[in-house]
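Below is one structure, written out as structure tokens, with a few remarks after it.
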Amino acid sequence: MGSEDPLPKWASKPCIMGIDEAGRGPVLGPMVYGCLYCARSYQKTLSSLNFADSKTLKEEKREELFENLKSDESIGWAVDVIDPKELSAKMLKKNKINLNEISHDSAIGLVRRVLNMGVLLTEVYVDTVGDAEKYRIKLSERFPAIKFVVAKKADSLFPVVSGASIVAKVTRDRALREWVLDETADNMHRNFGSGYPGDPGTKAWLEHHKHLVFGFPSLVRFSWGTCAPYFKDIVEVLWESDKTDEDGSSSGNGKRQLKLSNVGFTTSKRKSEEIESSGKGRCKFFQARKLEQLTYF
Amino acid sequence: MMHEEGTIIDLRQSEGGADLVDLGGKVHQLPCSIKYDGPSSVSHYFKPKPTGIEVEGLELQEAYFRGRKLQGTAIPIPQGYSGFVLGKKNLVKRKASDMSEGNSNCWEVNAKFRDVTYWNHDILPSHDDAFLRSFHWLSVAKVLHKPVTAEDLSSASITLQKMG
């Protein structure tokens, strides 16, 4: 989603772009990366548009500013909406992809998309995720022709990033408001709250929607530490793909990421035989096919 | 080799159930062990979707369970075989004297299925998967247990002579 064709004339002059995210912390809903770009010569006008960091603005004000910038022909924008299912799945892969990597990939994707549209990007301002200098090097290596400025609180330092934060935040809020749950069970509702773990509305929603076997609807980011207390009294699930990790030390995942061993998903005492049949003690043909002989069942 | 009691399985059609429930497309083999045995609202939560992608001739589906992405494919039960859901027959009404060795393993057919959808976590389904390879046993077993005819014997001995 983003600005429509055709490509404006100013896009072939040197342009600046800001990138910011919304919905990184919440335990549910999508994470949204947004960008806003304009000609470098428009920078001064941009500063006068009063985009403050989106978090300091009221929702109605953000919506209003978003509508303003959408109708502004001197501004372009784009978003990347990352489904919570994708966040959970990547963070729970055997080779886990942490949230910082997912964030970096999303930002890189936005830069690539805007470049492919034909916009002459010369400077890109990014709110940092993880170490700012490492992130800057990573971006610069991929796009050597662009000057990257990666900073903490870039959304309050650079108006172009403030604009991007409004694009991201409004898109995330709308996506959550209009969210259609994949699950079709009765007595589910959509009063998610903000999605932040501390929000009483979100806590109540999580408590109401936890499921003995399935855990939560797929709107929830299963990989979030916030989910752990809710998983204490649900059915235990042992994964075949986890069993090789049992004796190894846990790899350095992001601290938000749930250590499965702490919430009863796996324990070192478990043997793989409990998870799948093995064909142990039989000839190779059966072992290779995990065919076990069952005499009692 | 081993002679154990209870290896005799008595299979019976469920009473009054001439039309067995067909579970086509509803039997799933997951790459995990769920420590639960009982009914659950599976179809409300587990939503496999076709991807339109084919790998090694297998039609890929995707689904999510407990936050993990699963990739699966539906496998028809091989020709000549059928899938059944069995339940232990309720023996409460029977007299204790009937509970002899043979009767103690009495099962009832509750449903049938013609295909199984099996799922991998993180890995695309492939013909190298143990689940698909386990079907090899069916053809091996067929050859192993086929009665040996006189012709088989004579052709085998001719081959042996040639080799010698």
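The values are calculated or read from the model by the stated rules, or taken from the named source; none is laboratory data. Remember, predicted model here, so these are calculated numbers, not experimental data. Cβ coordinates were reconstructed from backbone atoms using ideal geometry, including for glycine residues, and neighbour counts include every protein chain displayed. Remember, those area values only see protein heavy atoms, side chains included, never the ligands or the DNA or RNA. Shrake-Rupley method; radii C 1.70, N 1.55, O 1.52, S 1.80 Å.
A:ALA39: at pLDDT below 95 and farther than 13 Å from A:VAL170 by Cα, yes or no? Break it down into steps so the answer makes sense when it comes.
Details: at pLDDT below 95: no; farther than 13 Å from A:VAL170 by Cα: yes.
So A:ALA39 does not fit the description; no.
Testing A:GLY198 on (1) farther than 19 Å from A:LYS61 by Cβ; (2) part of a helix (DSSP H, G or I); (3) open to solvent by 40 Å² or more (accessible area, probe 1.4 Å), one condition comes back false. Which one is that?
Just one mismatch for A:GLY198, condition (2).
May I ask you to list the residues in the stretch A:198-219 that are facing another protein chain (nearest Cβ under 8 Å) and either β-branched (Val, Ile, Thr) or in contact with an Asp or Glu (Cβ under 6 Å, 6 or more places away or on another chain) (or both)?
A:VAL213, A:PRO217, A:SER218, listed by residue number.
Does B:SER134 qualify as being away from every other protein chain (no Cβ under 12 Å) and open to solvent by less than 80 Å² (accessible area, probe 1.4 Å)?
Details: away from every other protein chain (no Cβ under 12 Å): no; open to solvent by less than 80 Å² (accessible area, probe 1.4 Å): yes.
No, not satisfied.
Could you count how many residues in the stretch A:165-180 are outside any helix (DSSP H, G or I) and surrounded by 14 or more Cβ atoms within 10 Å (Cβ to Cβ)?
Of the residues in the stretch A:165-180, the ones outside any helix (DSSP H, G or I) are A:178-180.
Now restrict to residues that are surrounded by 14 or more Cβ atoms within 10 Å (Cβ to Cβ): A:179.
The total comes to 1.
Quick check on my filter: what residues within the stretch A:27-61 are assigned to a helix (DSSP H, G or I) and buried (at least 22 other Cβ atoms within 10 Å of the Cβ)? Give the steps one after another, and end with the answer.
The initial filter retains those residues of the stretch A:27-61 that are assigned to a helix (DSSP H, G or I), namely A:40-47, A:54-56, A:59-61.
Within the stretch A:27-61, A:LEU46, A:SER54 meet the criteria.
Taking A:ILE166 and the conditions (1) in contact (Cβ under 8 Å) with a residue 12 or more places away in the chain; (2) within 14 Å of chain B (Cβ to nearest Cβ), which numbered condition does it fall short on, given that it satisfies the others?
Going through (1) in contact (Cβ under 8 Å) with a residue 12 or more places away in the chain; (2) within 14 Å of chain B (Cβ to nearest Cβ) one by one, A:ILE166 breaks only (2).
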